[in-house]
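The values are calculated or read from the model by the stated rules, or taken from the named source; none is laboratory data. These numbers were taken from a predicted model, which means no experiment stands behind them. Here the Cβ positions follow ideal geometry from the backbone for every residue, glycine too, while neighbour counts run over all protein chains shown. The accessibility values were calculated without ligands, DNA or RNA, using every heavy atom of the protein model including side chains. Shrake-Rupley method; radii C 1.70, N 1.55, O 1.52, S 1.80 Å.
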Amino acid sequence: MRTNPSLRSIPVLMAAFFCSITSVHAQGADTLWLQKIDLTRFTQDWNLTPKAFLSLEKEPLMIAGKKFRNGLASQTEGLIRFELNGKAQKFHTLFGLDDASCKSSSVSFSALADGKEVFRSPVMKRGSKAVDVNINLNGVKQLSLVIDDNGKGLYNDKADFVNAFIVHQGAKPDAFNFNYINKRHVLTPPESPRPKINGARVFGVRAGHPFMFTIAATGKRPMSFAAENLPQGLSLDTKTGIITGVVNGKGETVVKLKAKNELGAAIRELKVIVGDRIALTPPMGWNGYNRYGDSIDHVTVRNGVDAMVSSGLINHGWTYINIDDSWSIKPGSKDSMRMGEPRDANGMINANKKFPDMKALTDYIHSKGFKAGIYSSPSTLTCSDYTASYEFEEKDARRWADWGFDYLKHDYCSYGDVVKSKTLETLKKPYIVMRDALDKVDRDIVFSLSQYGMGNVWEWGDQIGGNSWRTTGDLIDTWSSLSETGFTQVGKEDFAGPGHWNDPDMLVVGWVGWGEWQYPSRLTADEQYTHMSLWSLLAAPLLMGCDVASMDAFTKNLFTNDEVIEINQDPLGKQAGRVLEKDGLEIWIKELEDGSRVAVGLFNRNSTTKTIKASWNVLGLSGKQTARDVWRQKNEGVFFDSFSAAVPAHGVKLITLRKVK
Ligand code: GLA
């Protein structure tokens, strides 16, 4: 726990003040002051911990010009829950936006008693007088306090609780971060030991470039693989299911894949398209950044590869092992093998102490059936100040191809220092330069543009040869970040398709931490289901950013539901669009290749359970439809003109609807 220096200087006067308040309660009743609980139990954006007695800037708490001494400074999105066991009487607080917030800040405060909203403040702006909140807790088992941003975005929204306390009987109520008490319910049914082929049904490659595709199959090992009608130039390793080779002419071939074990056999078709487009389905894989941040090295990557295999994730179509920022060196760093120089005399980027042999590493990645991803920036330095590609684009592209990389994330970052203006032309330029460089190497390298959506990149990313482009800033593991990023993808659906995808950033589930220490994602279980469901409907790249080795059963269930993955990997490559948005409820629909079926997400952005009705006229459907619960992999029956479901707070019901013939 972080210690708060301000706690050491609480005036004696304050202690006397507590005593006087406590003494007014009925005999046996006790007072739990909000600022006295373990403040690390609060969920807040960017892992901030609330401050007791002072604002986040260590100034006195101040709401609408009035100073307060006894309280707690928090920040959206704030969440905490208390276990009361029916032994509390009352919750009181004054609540308001701290005067140190920005002009555009706004927050709301709500309290939930046993899941039901019992109080909601008006929208509080800078200068709004504090609201006086008094909640009767008789018989209440759980109290949740929620600070949200009214869906207006995070503008440094600082919120203060003043004179906030719970009056209770007996033991002090326990305070919990949402994660610790939200039951992580596993919905994905257990894997069958019989063979089943998963993952992409279509694969694109350029003529004359190295081909590699791994048949993803679940089922008991040993398993053997076969492939009928492979294009000339390709061969299959029947033990590993890895298909490699080179195809010289353009064209389409339907290959029949087979996986067999002692319990039976599975057959599935794979369309191989030798043409001009690659990444015909959204890239799926692992990228260590959300877990390791700057502390990545070759050992961490190898461990990541091993965990992807031993956990069985590889059998569900997870393909890429991507190295993010910090693999190169900071100029002058002791990690250099060559007197602090990141490049050799010919300008070629070097291996270094963290990654002493890149070729050996990509060989290892490939030998296990994965593809390898690398990272750079069009600037001189990357986001974390490591050597980047400015004016070395061709040399770097050649080096990465020689090393055997299959994917490049090109991250804008400090390119603004190199070229100050941000016209459409200057925004496109660095990516055109790198595209040209990649076109000069004889290797398929998926080109991922990371520039956070500037200049509406989705409108031109495909034109300049990007295979995916980040549409937003960095996603973090809070509900406000997730919901504001995910649900604002609406309207971008016309710009995505096979070979060119909108990318709302990497998944923030599992154990994350962006650096030295790690913790389980602060998203609740339902929020994590929303995350995976929405990203699948959006046909977004699925890049998990967590430590796979410490993956729990719940997280594994998120990554191994083949019916969810199938929606993401559908060969038609359509991104879902929103067909309804009302009172915090949203319905999204995705067309699938099999024209008789659609995927539908019913999302509840409210903090209590709501029933959502999807009627056929909203969905553009007609006639009888069989509904299937995708997470549970279970049919729900035949429906005539609508489908309704009770959807938990921040949760989702993901279904497919199939027209009954
Ligand atoms: C930016 C990107 C992130 C990550 C970091 C690395 O913030 O958006 O995805 O690559 O840089 O420093």
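The figures follow:
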| item | result |
| --- | --- |
| Restricting region 286-327 to residues that are within 18 Å of S384 (Cα to Cα) and in a strand (DSSP E or B), the residue that is nearest to the ligand (Cβ to nearest atom) | N287 |
| Restricting region 479-509 to residues that are of a type outside the set (D, E, K, R), part of a loop (DSSP other than H, G, I, E, B) and within 16 Å of the ligand (Cβ to nearest atom), the residue that is surrounded by the fewest Cβ atoms within 10 Å (Cβ to Cβ) | P504 |
| Region 170-182, residues that are open to solvent by less than 30 Å² (accessible area, probe 1.4 Å) and either at positive phi or modelled with pLDDT of 90 or more (or both) | none |
| Unmet requirement for Y452, which otherwise passes all of (1) over 18 Å from G373 (Cα atoms); (2) within 16 Å of the ligand (Cβ to nearest atom); (3) in a helix (DSSP H, G or I); (4) not small (G, A, S) | (3) |
| Flag for A217 being buried (at least 21 other Cβ atoms within 10 Å of the Cβ) and more than 17 Å from A279 (Cα to Cα) | yes |
| So S607, is it crowded, with 17+ Cβ neighbours inside 10 Å and outside the structural domain of E493 (by TED's automatic domain parsing) | yes |
| Residue in region 423-434 that is more than 16 Å from the ligand (Cβ to nearest atom) and touching a strand residue (DSSP E or B) at 6+ places or on another chain (Cβ under 9 Å) present | no |
| Extreme residue, modelled with the lowest pLDDT, among residues of region 544-554 that are in contact with a Phe, Trp or Tyr (Cβ under 7 Å, 6 or more places away or on another chain) and of a type outside the set (V, I, T) | S550 |
| Single match in V167, V202, V146, V133 (criterion: open to solvent by less than 30 Å² (accessible area, probe 1.4 Å), at pLDDT 90 or above and touching a Leu at 6+ places or on another chain (Cβ under 6 Å)) | V202 |
